[in-house]
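One structure is given here, and the rest of the page talks about it.
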Amino acid sequence: MGEGTNVKGKSSKDISQKFPHTYAILLFIVILGAALSYIVPAGEYERVEVDDRVEVVGGSYHSVEQNPVSIMDLFMAIPTGLNEAANIIFYIFLIGGAFGVIRATGALEAIIQNVMKNVQKNEFMLIPVIMTVFSALGFTTGMAEETIIFVPIGIMLAVALGYDAMVGTAMVTLGAAAGFIGGMFNPFTVGIAHGIAELPIFSGWGFRLIVYVFVLLAGILFVMSYAKKVKKDPKRSIVYEESQTGQLNFTDDALELTELRKRHIVIVLLFVLTIAINVYGIFVHGWFLTELAANFFIVGIIIGFVGGLKLNAVFDAFIDGMKIVVYGAIIVGFARAILVVLESGLIIDTIIYSMSAMLDNVPTALTAVGMLGVQVIINFFIPSGSGQAMTTMPIMIPLSDLQEIPRQVAVLAYQYGDAITNSIIPTSASLMGVLAIAGIPYIKWVKFVWKLIIIWLIIAAIALVVATLINLQ
């Protein structure tokens, strides 16, 4: 879905092929890790169990005998990584399958389309309401590529009110992005990162909620400010030239709505109830990835029947949902292979020790901001949230322990570094798909959105400093 085609320009797939495939990048890092095991001195920290989690003992680093990774061990690291990350991989598959069933019922599409159509009657509320609705899907389901199907509707509504295609695209995709950044209950990013960090799933959600409000408000005000300028003078539209030459893609049939039925409302209520039950189970009964995946599997089947699907159709939809997330699921195993190689070569602790030594004289709060910067850079090469979590968290968590930074802050740095730049980097499949469908040139999108990205990064940096100062757990 993230490789839509613009018949009047380059497809997002053509553009993305200019960059190495994410799997190729990860394989290169695995090979690099194996090569470093011949060069980097081997060493280890002592580790102890504290409050049901394993922590690095500061000052315990010591050299050990070199243990270089052989060529056979190098390639065995891939299946080993897939095996070691199996619980996370199947967690992603099961939740993806449940979402596939929900999509097959048409419930989300019906409700979102009708909200977008009805809010058109109130011009002042159009942008805030649509961005808030999509943000809710962003922080609960991790909506990204799925926004593509709603972009044509957003464009038609915006143009009908005197705005431009940029406004229609932005209020859909940036709304979802704001929620993705907030990530309070996103199972694919925060959920996985918490699992790796040995923290209660979705802990710290109250702090994330506060930051999310600022992020969403910044996004809404930014889009509304641009929309106001365009309505006052259409020539100030960044895509004015494209609109005059017919390059932008949107047609009247985009406003054909899916009929909203009672069963659709029931399905959405069941979905919301499932999230509430999971949150209750996490904080009261200590549920983890297995319980969460099981609950989504159960509700997926129930929703399928409520949505009028027959037994075979339910599981066909379930398989289709898993197909959608296979890219992100398997990438977790490839990312885990990096850790397998670094651990096998006994150099991961040496890397952590070196990074910690460089940060010893840096104020703690600034260390957290530095982590954000590292994640932003890594996100360009590994735009998969789950893959980035598996790649970086095994290093960032011990580092945060040594620097006496709460693990929750390390997760926040990963979360914001992964999510914010997804709205501007050309390696983001969802972004390139959206732009291809809309017919908006990538350079024009960058010209529109770069200021908001800076604002969001500033908000994230401030949030990390505050989280460090209050010792967020």
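So here's what we get for this one:
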read-out: Accessible area in the full protein assembly, largest first, 1.4 Å probe, for ARG263, ARG407, ARG53; value: ARG263, ARG53, ARG407
read-out: Point-charge dipole on Cβ atoms (K/R +1, D/E -1) for the stretch 272-361, about Cα centre, debye to 20; value: 320 debye
read-out: Alpha-carbon Rg/Rh ratio, for the stretch 278-350, with Rh computed the Kirkwood way; value: 1.18
read-out: Options THR274, GLY387, GLY370, ranked by Cα towards positive dipole end of the stretch 256-406, top entry (Cβ charges); value: THR274
read-out: Relative packing of 62-74, 312-324, 156-168, which averages over residues the other C-beta atoms within 10 Å, highest first; value: 156-168, 312-324, 62-74
read-out: The stretch 71-166 - charge dipole about Cα centre, Lys and Arg +1 at Cβ, Asp and Glu -1, debye rounded to 20; value: 360 debye
read-out: Translational diffusion of the chain, µm² s⁻¹ [Kirkwood Rh, Cα pairs; Stokes-Einstein; 4 °C; 1.567 mPa s]; value: 56 µm²/s
read-out: Sequence ranges 86-93, 361-368, 450-457, ranked by mean other-Cβ count within 10 angstrom, highest first; value: 86-93, 450-457, 361-368
read-out: Dipole in debye (nearest 20) - the chain, about Cα centre, beta carbon charges: Lys, Arg +1; Asp, Glu -1; value: 1940 debye
read-out: Per residue solvent-accessible surface (Å²) - the stretch 356-453, probe of 1.4 Å; value: 29 Å²
read-out: Partners for LYS310 among aspartates and glutamates (Cα-Cα distance below 18 Å; same-chain residues under 8 apart left out); value: ASP320
read-out: Residues whose placed amide H lies under 5 Å from that of MET143, excluding near-sequence neighbours; value: GLY138
read-out: 32 Å Cα-Cα threshold exceeded, pairs from LYS262/LYS451; LYS229/LYS323; LYS235/LYS451; LYS228/LYS262; LYS262/LYS444; value: LYS262/LYS451; LYS229/LYS323; LYS228/LYS262; LYS262/LYS444
read-out: The chain: calculated mean residue ellipticity at 222 nm from DSSP helix runs of at least 4, using -39500 (n - 2.57); value: -23500 deg cm²/dmol
read-out: Sequence ranges 139-145, 210-216, ranked by mean other-Cβ count within 10 angstrom, highest first; value: 139-145, 210-216
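The values are calculated or read from the model by the stated rules, or taken from the named source; none is laboratory data. Everything numeric in this text was worked out from a predicted model, so none of it was measured. All Cβ positions, even for glycine, are placed from backbone atoms using ideal geometry, and neighbour counts span all protein chains on display. With ligands, DNA and RNA removed, areas are computed over all heavy atoms of the protein, side chains included. Shrake-Rupley method; radii C 1.70, N 1.55, O 1.52, S 1.80 Å.
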